[in-house]
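This report refers to the structure that appears directly beneath it.
No lab work stands behind these numbers, since they all come straight from the coordinates. Please read all numbers here as calculations on a predicted model, not as lab measurements. Cβ sites come from the backbone with ideal geometry, for glycine too, and all protein chains shown count toward neighbours.
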Amino acid sequence: MILPVIPKRKDVRASRFPFHIFWLVLGVLLLTTGIHVGLIVLMKKEQTEGWLATHIILAYWFGVSLLLTLILRFKFKKTYDEPTKKISEAMDCISHGDFSVRLTPTHSGKKMDYLDFMMLDLNQMAEELSSIETLKTDFISNVSHEFKTPLSLLNNYATLLKSSVPKDDVCQEYACVIADSAARMSELVSNILRLNKLEQHALSAQKAPFDLSRQICECVIMFENKWEEKNIEINMEVEDRCVIRSEESLLEMVWNNLISNAVKFTPVGGSITVAERRTQDRVIVTVTDTGCGISAESLPHIFDKFYQADRSRATEGNGLGLALVQQVLRLLGGSITAESEENAGSTFTVTLPLE
Ligand SMILES: Nc1ncnc2c1ncn2[C@@H]1O[C@H](COP(=O)(O)OP(=O)(O)OP(=O)(O)O)[C@@H](O)[C@H]1O
Ligand SMILES: [Mg+2]
């Protein structure tokens, strides 16, 4: 592989007297002064005098000033505006986690200026960040894979132990704790692996038509035990049938996460409303609860990996659910937004293309 030759920083083009601008301005001034003299001679010949002559001269210099301004603006745009715009857009991509961005400097060799060096530095920064990100995700994915087998062994043996000791034996209680912990860890490991795959764009959506209304109702019913236990009222405002083209198994993860969160964060006697409405080209699903809500400081972070606003409930999950939901919706061409008021409730709005 031939590596690009990166010039040394000391080779940066020194700021010097801009001869090209000087010659350009001089040329324009000489030319316009010549035309000015010619105009005066012509007006004398035509005996144009008084206010008309003054106005013609004023209009002429107005035109000349406009032309000079436009030429200088064009020069500044090419030299400064365009490269800084490119740098600013690339910085925006990097700040949003897209490290694939690369810039091509405007000049090469000895003509390179500080803006060109800034672009090269930005490319290097993106390269470094992307290799760190790859290392990190590979490491997490390898460790998670290694965890999978011992965890399923732990789970299996704990289940065996549970069934082989008498119900009132203390070992039964210990086996339950081991089985529950192993199940929680396996769930965490599976979520990490799924998220990693989604983030690395290793999954592609296998879209097929299916009834979204039926899927949402089934997901709500799946949590029946939990919402009945807390005496939560469920309101369903879902159409009888709404066929969309998407990946059913991935979307199931979205509704499961949103409904499980709503049930988890809504106190006894609260209510949850699941609504679905269709527009011309999309379908909008909202999950609203009258739960504890999310503070204004926490709201911007709820889609971050491992973020849990309420640390007292940290044992009831890993903070990966909404990160997964967001990645799934990105893959399926949808989006999610959250609105919430502390101690009043939250609304999660999912928008999906109908296709
Ligand atoms: N409906 C909700 N009401 C109040 N807070 C919520 C709601 N949904 C999410 N949150 C807040 O956002 C955090 C992140 O949610 P997320 O689903 O990613 O994680 P989790 O539910 O804690 O764990 P996991 O989904 O991995 O089991 C939650 O810990 C909670 O603080
Ligand atoms: Mg969750």
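The table below gives the values:
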quantity: Sorted largest first, extent of the range 17-130 alpha carbons per principal axis (Å); calculated: 75, 30, 15
quantity: Anchor Lys85: lysines whose Cα lies under 26 Å away (excluding residues fewer than 8 positions away in-chain); calculated: Lys8, Lys10, Lys75, Lys77, Lys110, Lys111
quantity: Partners for Lys136 among lysines (Cα-Cα distance below 24 Å; same-chain residues under 8 apart left out); calculated: Lys148, Lys197, Lys305
quantity: Computed E for Leu66/Val12 - FRET, C-beta separation, R0 35 angstrom, nearest 0.05; calculated: 0.50
quantity: Where only C-alpha atoms are counted, convex hull volume of the range 208-353 per residue in Å³; calculated: 104
quantity: Lys/Arg +1, Asp/Glu -1 at C-beta; the chain dipole; positive extreme among Gly109, Pro166, Thr149; calculated: Gly109
quantity: Pair Glu341, Ser108: separation of 7 Å Cα→Cβ label points (nm); calculated: 6.1
quantity: Cα-derived Rg over Rh, computed across the chain with Rh taken as Kirkwood radius; calculated: 1.24
quantity: Within the range 151-197: Cβ-based charge dipole about Cα centre, in debye rounded to nearest 20 (Lys, Arg +1; Asp, Glu -1); calculated: 320
quantity: Point-charge dipole on Cβ atoms (K/R +1, D/E -1) for the chain, about Cα centre, debye to 20; calculated: 2360
quantity: Helix 50-76 axis, angle to the chain major axis (alpha carbon atoms, nearest 10°); calculated: 40
